[in-house]
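None of the figures in this text is laboratory data; all of them are computed from the coordinates on show. On a predicted model such as this, the values are computed, not experimentally measured, just so you know. Don't worry about glycine lacking a Cβ; one is built from the backbone with ideal geometry, like all the others, and counts go over all protein chains shown.
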Amino acid sequence: MNDPFQGLLQDLLKVIGGSAGGGNAWLDAARSLAQGVATDGGSEPNANPLDRIRLEELTRVAELHVGQATGLPFERSPVLVPVGRGAWAQKALDAWEPILGKMVQAQRDAPAPPPVPFEGEGGVEELLARFATTLGPVLVGMQFGSAAGHLAQRALGQYALPLPWPPSAEVLVVPENVTRFANDWSLPDDETRLWVCLRELTAHAVLSRPHVADRIRALVGAHAMDTLATQQGLAERLGGDAGDPEALQRLLADPEALLADLLTPGQRRTSDDLVALTTVVGGYVDHVTGRLAATLTGAAGPLGEAWYRYRIEETTSEQAAGTLFGLDLSRAQVDRGAAFVRGVLERAGEDGLGRLWTEPRHLPTPAEVDAPGLWLERIALPELPGQAGPDGEPGEPEDRADPDDPEAGGSGGG
């Protein structure tokens, strides 16, 4: 084309998938951005064979003790697998893809914004409208890709976020980050590795429980659909700014500014149910890990303190990733989960705490997280036919609304 601006739009449309809606361009964008951020744009060596050998040895020790402490059997014997940061980011995107796919499809099904008037060569209005519509799915991929990449730089293992992964015997560990964590806090290497293995397998034991995983996935899915209005508004904003070439150039030159509103905690609705449940998961995992570390290592105190401070650091990576899923990873929620666990232990001991994950109706409500005595009283009552579950809906499956469909009465919203 003779008009450079039209040429730019045409080139961008080709890159992100053209007028057909993007194909898998959103996933390509997510993977490319995640890899670049996780590795700082460099190459990543293969996992060190020595790391694999060490983890294989620790797996057997950790599996035995975690199984005894939690009373939760593993469906398949877990295998701790060392991965680099880039590989972790890619596997995280694979785990998140079901939610991403729903968001992308909803973006494609949304009505297209009207053409933006523009004083220039003919046909630019149509290009701008196509650009805004096509960019929506790619923006979804960019956000999650950026979050995965930044999270990979700090994740010690698979469960950097208290979210279930697809069923698998493999549990990821990032040796590079574990070593850096130990060095930064002057912790013994071998004991730190064992502590990480204990933590990851404890999280795996809880989050691979079918009813726990299903409940969290339903809440996350409902939250993800609630964010679409924000996503669509950003696409329309970009399409509107495209009518001003200078404004468009400024936006495209600063992707972080473009995504800032979406990655700021508090800009999206969060689900009280989701925050409460994942907060309790975190508190429980920390408790079991600390309890086992006290018997298996000589550095349980320093390890627990270092992990607490590591978790509550104000880092963009956890904030951004948590916000995308509707999680609250703040210090207040970390302390809230720990307080719930202490409250249950004071009243009912380890046996009482272990009942958290035995039945779907034992999952605590937001109010019960702040009053553990109420939770213990409720689960002590006999279950009645049609009794409401923790989300306030009837317990019988045929009476439950689809949690993935907000219009059908799903309970995932705030």
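Over all distinct Cα pairs, what is the inverse of the mean 1/r for the range 295-376, reported as the Kirkwood hydrodynamic radius in Å? Walk me through the numbers before you get to the answer.
Values: mean 1/r = 0.0682 Å⁻¹.
Here the Kirkwood hydrodynamic radius works out to 14.7 Å.
With each label point set 7 Å from Cα along the Cα-Cβ vector, what nm distance links Thr358 and Asp214?
Taking the simple label geometry, Thr358 and Asp214 are separated by 2.0 nm.
Which of Thr358, Thr323 has the fewest other C-beta atoms within 10 Å, and how do the rest follow up to the most? Each step should come with its number before you reach the end.
Numbers: Thr358 13, Thr323 22.
Sorted ascending by nearby Cβ count, the order is Thr358, Thr323.
Which FRET efficiency value, to the nearest 0.05, is calculated for Val61 and Glu383 with the Förster distance at 35 angstrom and r the Cβ-Cβ distance? Don't jump to the answer; show the numbers that get you there.
On the way: r = 37 Å, r/R0 = 1.07.
Calculated transfer efficiency: 0.40.
For each of His204, His211, His287, count neighbouring Cβ atoms within 10 Å of the residue's Cβ, then give the residues from fewest to most.
Working: His204 26, His211 15, His287 22.
Lowest count first: His211, His287, His204.
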